[in-house]
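Let me begin by presenting the structure, written as structure tokens, before commenting on it.
The values are calculated or read from the model by the stated rules, or taken from the named source; none is laboratory data. Just so we're clear, the structure is a prediction, and the values are computed from it rather than from any experiment. Neighbour counts are summed over all protein chains in view; Cβ atoms, including those assigned to glycine, are modelled from backbone coordinates with ideal geometry. All accessible areas refer to the heavy atoms of the entire protein, side chains included, with ligands and DNA or RNA removed. Shrake-Rupley method; radii C 1.70, N 1.55, O 1.52, S 1.80 Å.
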Amino acid sequence: MAKRDRILVLDIGSTAIHAGEFDYLGSGAIVLRAFTNVEYTENLTETNRTMVINSALRRAMEEGKFTSKRCSICVSGQAAFMRFVKLPPVTEEASRVRQIVEYEARQNVPFPMEEVIWDYQLIGSDEEELEVMFAVIKNDIVDGVIRAVTDLDLQPELVDFAPAALYNAARANYVGEEECAMLLDIGGRCTNLLFLDGERFFARAIPIAGFTITQQIAKEFGISTDEAEILKRRHGFVALGGAYEEPESEVAATISKIIRNVMTRLHGEINRSINVYRTQQKGNKPTHLFLSGGSSTMAFTDHFFSEKLRMEVSYFNPFKIVTLGEDLDTQHLQEVAHMFPEVVGVALRNSVECPVEITLITDAINRAQVFKKRRPFILISCIVWILVLGVISMVNSHRAKLYRGEADRRENSYEQLKRNATLIGRGNDGRDSAIKRYETMEALLNRRMRWMEIYNAFQEAKPIDLWLDTIKPIDKPLQDPQTAAEEIPETTTMDPGMDPMGGGMFFVPEGGGTTGSTTTAAEFEWFDVQGHCVTIPETTERQGGEPVRNVFTPAQLQILLDRYRELREKDASSAESSEAFRAYEELIGVFNSGNKIISTTRPNLPQTFVEALRMSDVFSNQILETRLVGVSFDPKFSNLLKFRIQVRLVNPVSSEMP
């Protein structure tokens, strides 16, 4: 390293960025020249990680007025996956050790190894076993952080992670050198717990931190997490419990109890970690707890853990081994020093050999570092090639002059083609827009004609003395044909002995039917048709002495006759056996060869209407689908009938706009 070098260290946490710029003197001293901490404006997610970090980095660069382009990075312990494993002692070469560790990592890491960056560190060994710590982080997390950094023209050289950086900073400050000590770093989304016991090292990431408190406050008061964070910072402290007097503010009292409950959960995790460390790692009992992290400075936090753990508790100051620059705001640094142990730990990686040197760098950074080492040789090679190219350039200069005129002409042609392509593109866009509008209008017009077709089909089949009251779509048939217990009769004959003034109601088929409901479906298929008809005794002619009355108009009759002929011409044998043909024969009876109005003496006009509907190609000709559901006498007028018909469209009509 040069006699004097300057590097920017970035601790990119889960809720904020802490940055410090260090000078490295030839004597090995580290001088802090500038520092700052910037919180994120929104929560980190997989999709916005790069954008949020990049925005916070820009503000940090402006506030800290950093000048170095070289940087070392520390990522949150929440983003990395850390495990401690014990392996049989290995006396083979280092490559063999890495293979064994990689195999063990594959058994513990919940991701494919091709999707992660990983590294390991030997932290202890004896004749019986080899103790290894390995750290794993997903590629896309590191890539997102690197992109956010390089977008600001910074040059990342190292990627460390929080637990390792904390351990290096603590060891450099002689924490745990003569006793078993714990370092509790309470961050925004994750709490890192470290055991420092001489040369022994154990760490655990606990998912209980400052944001856990914020979430509980938001849940208790029914507010957003942003509002809860403001309340936490304004009123937050750890309730003392016991016989201590509560604060006068009810809000502050409630928040303090919430914080104490969360800290109690964190204390339970610490106790479990101590048991694991002592039983599985064969460690000593901790006697001292050091606190750090942004969420550790709430009032009475040290008092709470001292009371619960029954040990000495103090705050960790990582700057004891760092020389402070003359222009630093030392008072502000003293207020935020607890947030910078990771920054100091990573800064040490550039000056001395650290106990844990995990490196989670991408292949791109590796290649950049290799390129940096080879840069002098590459520069010499480039100079040689430049000289060779200069000679070639001189030889080809005359040829270049000849080509330049042609190139200019082609460039002008190219620009003209680009302008033409732009005009063509605009024309295509206009054409596509016009086609889309045309298709929309065409669909609307087709929709309009479809409804006219349906209502015309009703009008063509409606007898003269029959009126329709309502036509409404329904979700399902008025009675499911598949569940009919017996064949449904096609007609219903009124009982001559029935009292027409009694207002009696009868249904077809016997047993009644279920009522359909108005539809909300995307297509209309079934319709409920209700109306009434009247039997008028006037006669236009007599047949066999019986009074008769015309049922259809000449135009309607002609339509029915045409449909009949089409059916016969299509397939006479199948027509005679089809339900539609039989219904039509029953409908028209005997007719003359001329275009006379055919009359009938049948009083059941609703059934006649149903049979005429079945002849239409708009409605189903199945007797269980287009059918008469019910008929009732009017209680006051004996010649007035009310009826209800169920019809089914052959082709359903859409209920939505195109």
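Things to note:
- Segment 194-306 holds helices (runs of 4 or more DSSP H) entirely within its bounds, and those carrying 2 or more residues that are hydroxyl-bearing (Ser, Thr, Tyr) map to 210-221, 250-279.
- Residue match in segment 361-375 (condition: at pLDDT 80 or above and open to solvent by 50 Å² or more (accessible area, probe 1.4 Å)): no
- Some residue of segment 455-469 being modelled with pLDDT under 80 and not small (Gly, Ala, Ser): no
- Output for segment 1-24, where each listed residue is assigned to a loop (DSSP other than H, G, I, E, B) and open to solvent by 30 Å² or more (accessible area, probe 1.4 Å): Met1, Ala2, Lys3, Thr15
- Filtering segment 25-55 to residues that are open to solvent by 60 Å² or more (accessible area, probe 1.4 Å), in contact with a helix residue (DSSP H, G or I) (Cβ under 9 Å, 6 or more places away or on another chain) and either at pLDDT 90 or above or assigned to a helix (DSSP H, G or I) (or both) leaves Glu39, Met51.
- Test: residue in segment 56-74 that is buried (at least 21 other Cβ atoms within 10 Å of the Cβ), touching a helix residue (DSSP H, G or I) at 6+ places or on another chain (Cβ under 9 Å) and in a loop (DSSP other than H, G, I, E, B): yes
- The residues of segment 177-187 that are in a loop (DSSP other than H, G, I, E, B) and surrounded by fewer than 24 Cβ atoms within 10 Å (Cβ to Cβ), listed by number, are Glu177, Glu178, Glu179.
- Some residue of segment 162-176 being free of Cβ contacts under 8 Å to residues at least 60 places away in the same chain and surrounded by fewer than 20 Cβ atoms within 10 Å (Cβ to Cβ): yes
- Sole residue being modelled with pLDDT under 90, open to solvent by less than 50 Å² (accessible area, probe 1.4 Å) and closer than 30 Å to Phe35 by Cα, chosen from Gly294, Gly241: Gly294
- Members of segment 258-304 found to be over 16 Å from Thr191 (Cβ atoms), touching a residue at least 12 places away in the same chain (Cβ under 8 Å) and over 35 Å from the mean Cα position of the chain (by Cα), listed by number: Gln281, Gly283, Asn284, Lys285, Thr287, His288, Ala299, Phe300, His303
- Residue-level check: of (1) open to solvent by less than 10 Å² (accessible area, probe 1.4 Å); (2) touching an Asp or Glu at 6+ places or on another chain (Cβ under 8 Å); (3) over 19 Å from His288 (Cα atoms), Asn192 misses just (3).
Condition check ((1) without any contact (Cβ under 8 Å) to a residue 12 or more places away in the chain; (2) over 27 Å from the mean Cα position of the chain (by Cα); (3) within 26 Å of Lys282 (Cα to Cα)) across all residues:
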site: Thr191; (1), (2), (3): no, yes, yes
site: Phe195; (1), (2), (3): no, yes, yes
site: Phe201; (1), (2), (3): no, yes, yes
site: Thr212; (1), (2), (3): no, no, no
site: Gln215; (1), (2), (3): no, no, no
site: Ala218; (1), (2), (3): yes, no, no
site: Arg233; (1), (2), (3): yes, yes, no
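- For segment 628-658, a residue qualifies if it is assigned to a strand (DSSP E or B) and touching a Lys or Arg at 6+ places or on another chain (Cβ under 9 Å), and the qualifying residues are Leu628, Val629, Gly630, Val631, Ser632, Phe633, Ile645, Gln646, Val647, Asn651, Val653, Ser654.
- Only a single item in (1) within 19 Å of Ile645 (Cβ to Cβ); (2) modelled with pLDDT of 50 or more; (3) open to solvent by 60 Å² or more (accessible area, probe 1.4 Å) is not met by Pro537, and it is number (1).
- Residue within segment 317-332 that is assigned to a loop (DSSP other than H, G, I, E, B), open to solvent by less than 100 Å² (accessible area, probe 1.4 Å) and in contact with a Lys or Arg (Cβ under 8 Å, 6 or more places away or on another chain) present: yes
- Annotation: Pro207 fulfils all but one of (1) crowded, with 24+ Cβ neighbours inside 10 Å; (2) in contact with a Cys (Cβ under 8 Å, 6 or more places away or on another chain); the unmet one is (1).
- Residues that are farther than 18 Å from Pro477 by Cα and out of contact with any Ser or Thr (no Cβ under 9 Å at 6 or more places or on another chain) within segment 617-653 comprise Asp617, Ser632, Phe633, Asp634, Pro635, Lys636, Phe637, listed in sequence order.
- Condition check for Arg447: open to solvent by 60 Å² or more (accessible area, probe 1.4 Å) and within 54 Å of the chain's Cα centre (by Cα): no
- Lone qualifier among Leu154, Leu87 - being open to solvent by less than 40 Å² (accessible area, probe 1.4 Å) and either farther than 25 Å from Asp11 by Cβ or free of Cβ contacts under 8 Å to residues at least 12 places away in the same chain (or both): Leu87
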